1. Where does helix 151-164 land angle-wise versus the long Cα axis of the chain, in degrees 0 to 90, nearest 10?
2. In degrees, nearest 10, range 0 to 90: what is the angle between the Cα axis of helix 341-350 and the longest Cα principal axis of the chain?
3. Using protein chains only and a probe of 1.4 angstrom, how many square angstrom of PHE165 are accessible, to the nearest 10?
4. Taking all protein chains together and a probe of 1.4 Å, list TRP275, TRP91, TRP295 from the most accessible to the least accessible.
5. What does the helix-only formula give at 222 nm for the chain: each DSSP H stretch with n ≥ 4 adding -39500 (n - 2.57), the total divided by the residues, and the result rounded to the nearest 500 deg cm²/dmol?
6. Send over the semi-axes of region 155-309's equivalent ellipsoid, whole angstrom and largest first, taken as the square roots of 5 times the C-alpha gyration tensor eigenvalues.
7. With every protein chain present, what is the per residue accessible area of the chain (1.4 Å probe, Å²)?
8. Considering Cα pairs under 8 angstrom that are at least six residues apart, work out the relative contact order of the chain and quote it in whole percent.
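The values are calculated or read from the model by the stated rules, or taken from the named source; none is laboratory data. Computed from a predicted model, the values in this text were never measured in an experiment. Note that each Cβ is placed from the backbone with ideal geometry, even for glycine, and that neighbours are counted across all protein chains shown. Quick note on the areas: whole protein, heavy atoms, side chains included, nothing else; ligands and nucleic acids left out. Shrake-Rupley method; radii C 1.70, N 1.55, O 1.52, S 1.80 Å.
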Amino acid sequence: MDIFPGRLYLKKEVETVEGLLEILAISANRCFRCGNTNPFLFGKMTCASCGREDCLYCRNCIVMGRVNSCQKLYYQKADILPERIESCLSWEGTLSPGQKKASSAVVSSIKQRVDMLLWAVAGSGKTEMMFEGMDLALKQGFRICIASPRVDVCLELYPRLQAVFKEVDIVCLYGDSKDKYQGKQFVVATTHQLIRFYDTFQVVFIDEVDAFPYAKDPFLEYAVRKARTKVGSTIIITATPEKKWQQECATGKRNFVKIPARYHRKQLPVPRTCWIGPWKKNLAQGKITLKLINWIKKAELKNQPALIFFPEIEAMNQFAKALVNYDFTRPVTVHSADQLRKEKVEWLREGKIKLLLTTTILERGVTFKDVQVAVFGSEGRIFTEAALVQIAGRAGRKLTHPTGDVCFFHYGKTTEMNRAITHIKKMNQLGFKEGLLDD
């Protein structure tokens, strides 16, 4: 959406909508672009366009250009494209029974133009479950967007989708992306980027819907609704739906399919717990529990890559510094503001490093072969049930290495830790019950 494409409007290539709307039902204004209704996020100004001294504007999305009450927003109408006869999908893989069940549900959702929740465990092959539905949508001329709150997830998905939809132009949009949207049929984007779209996509896939910041930001949910056409399908994908959604699934109020097992038919690694005492005090003195030192050495001896998650950047940096005192080279660290985070992930994947210290930025959306996983200070508030389930889901994802150690190193067990372990055990039980796991 744009504010000043005047020439395109005169050519009737774009349409308009009011930038700020008055919502009588709640006695408030709403910014059409970002959905803001908070009165504290609106400002008043002397406006050269309308001549008023109290012209209202939205401060919530001003970084994208100011939206005034006297102005209209312009958007390019995105019509359905011509249908294709040939399949766009070039993938020679085989779906497991669980994946086939999910794939059929996705296809049905797109055909019936209804929303659905794809609830599938981490490492179950959710991307492959979407292929058939995506192919159907592309053949029908629908515009598709697969969105995620996390840039890392988009960067992981983009090349995989390019590899199987070789004849389709796919664009990847995120904050620092060099790609530009020029009416492409297939878009991979962070959920923030959907603020720029209106009535564009017939099918929207939202991957890792429970991830920060989407789960905590109502503006992003609004952006997704606005970007999709009024008649269409929104397919929500996650391994850890929020409690309310789980209850709606249990009571039949939400359309969903649940896949409790990975494609390789092996159980999810169940985390174990290990008490390590007052780790903050010890770190301040340059000390690390020998339990964790031995854990790192064990992975090193087996030539296995290892991920250690931390509740905060400061603790991670203290740990990296202290590890040198135990005859280790200083390990590589990564966090959300790290400009080299993509490269560092590849270093671990390619075997250039064997140990990577990380915040929760890598709790989802990344896959490593034979990785061993530790959570340091797992009692931290940031380690919710969902976060811990996702972190545990990094281990055992590959068919060649379907197992892995997951250890919660803590200074006191929390309810969230117990719930995460119970969650994983229940999924394994359900997998056996449905015949999706081997003994």
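1. 80 degrees
2. Tilt relative to the chain: about 40 degrees.
3. Spelled out: PHE165, probe radius 1.4 Å, area about 0 Å².
4. TRP275, TRP91, TRP295
5. Computed ellipticity for the chain at 222 nm equals -9000 deg cm²/dmol.
6. Gyration-tensor ellipsoid for region 155-309: 38, 22, 19 Å.
7. Details: 21430 Å² over 439 residues.
With all protein chains present, the chain gives 49 Å² per residue.
8. Rounded, it is 14 percent for the chain.
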